[in-house]
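Remarks on the structure that follows.
The numbers here are math on the coordinates, done by the rules we state, and not lab data. As the structure is a prediction and not an experimental result, all values here were calculated from the model. Every residue, glycine as well, gets a Cβ built from its backbone with ideal geometry; the counts of neighbours run over all protein chains shown.
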Number of protein chains: 2
Amino acid sequence: MFQVQITTGGDSPIFRQIVDQVRAAVVTGKLSVGDPIPSVRALAAELVVNHNTIAKAYAQLVRDGVIESQQGRGYFVARKRQIYTQAECNRRLAAALDPVLSEAVTLGFSTDQILAFVAKRLRRYADASTAKDP
Amino acid sequence: MFQVQITTGGDSPIFRQIVDQVRAAVVTGKLSVGDPIPSVRALAAELVVNHNTIAKAYAQLVRDGVIESQQGRGYFVARKRQIYTQAECNRRLAAALDPVLSEAVTLGFSTDQILAFVAKRLRRYADASTAKDP
DNA sequence: CTTGCTGTACTATGTAACACAGTACAGCTA
DNA sequence: TAGCTGTACTGTGTTACATAGTACAGCAAG
């Protein structure tokens, strides 16, 4: 079962929480290639939000190549493919990562602690890439 | 010399770019403890933005313990201190890091590549923590 | 073919964040 | 005293976010 949790009033908008959680579910293997994800209206009803908000999140995920839409059928987890050039990937990763690393140091973490932390979080993805084609 | 660059029209608001860049400058050693940072009005004039926008960014940095204000004198880089509990630090780091790691995997990076990337970016902070008390 | 789901695309509305302009006041320092 | 500093307001315009409601086309099961 695929669960989504949202919180209102926080600094992160609803559609962004949807994007992050679907992406995380795909990356961690909770969702596999070809799996259907909740329909726009179904998820909207479940989370008690507007269906346009879900559609906006899904559209973002389509742009990122995480999911694909099939008119009249629904959304499905897309097979992985390269969207951006290697240089663009590096640029995007650096842009997203640098502020987080600066904040981590500000919070008092040492470089070793940060590296260990990242390794620990990444370890959750290990099974996702190995147990994929039974 | 301490330089700040902002871009408008992007997804990141101006005050957030200020926060990130000042924090990065402190973390990388471009700014040391006790160093003055540009005054609210001076930086506002330099970047051609409203002084309230700068004040908002600086207030955020004060909340995070990165800088301190002295009435009538200006802002200065604060000495490091612990603001949050260890558990809160872990929670914040995980919250900030997880979406970035998910996006990194989506971009096509392997876990090894991500770890190497993080280590590479962290290496820039090494000199900042060693060459501090001459 | 009809029914009911699906994605998709609009218009319109309300709220909040962001940034601006201008003003004002208190503290520090030369 | 003069001129800088931080700080705190009020007010305004723009944009992002989310809502409500509607509409239409594609797919699939009855």
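Quick notes on this one:
- Distances between copies at B:Gln71, taken between label points 7 Å from Cα along the C-beta direction, are 6.8 nm in increasing order.
- Charge tally in the Cβ shell below 14 Å around A:Ile14, where Lys, Arg are +1 and Asp, Glu are -1, A:Ile14 excluded: -1
- Amide H contacts of A:Val49 (H built 1.01 Å from N, under 5 Å, at least 5 apart or other chain): none
- Near the amide H of A:Ala78, within less than 5 Å, lie the amide hydrogens of A:Gly34, A:Ile67, A:Glu68, all on another chain or at least 5 residues away, with H placed in the peptide plane.
- Our coupling estimate for region A:75-84, obtained by passing each phi through the Karplus curve with A = 6.51, B = -1.76, C = 1.60 and θ = phi - 60°, is 9, 9, 5, 7, 6, 5, 8, 7, 9, 9 Hz, Gly and Pro reported as x.
- Full extension of the chain segment joining A:Asp35 with A:Asn90 gains 16.9 nm, where the gain is 0.36 nm per residue of separation less the Cα-Cα distance.
- Entries in A:Lys56/B:Lys56; A:Lys30/A:Lys120; A:Lys120/B:Lys30; A:Lys80/B:Lys120; A:Lys30/A:Lys80 that, when Cα-Cα distance is taken, lie over 23 Å: A:Lys56/B:Lys56; A:Lys120/B:Lys30; A:Lys80/B:Lys120
- Ascending list, in nanometres, of distances separating the B:Asn90 label from those of the other copies (7 Å, Cα toward Cβ): 3.5
- If only the Cβ of Lys and Arg carry +1 and only the Cβ of Asp and Glu carry -1, the dipole of chain B around its Cα centre is close to 320 debye.
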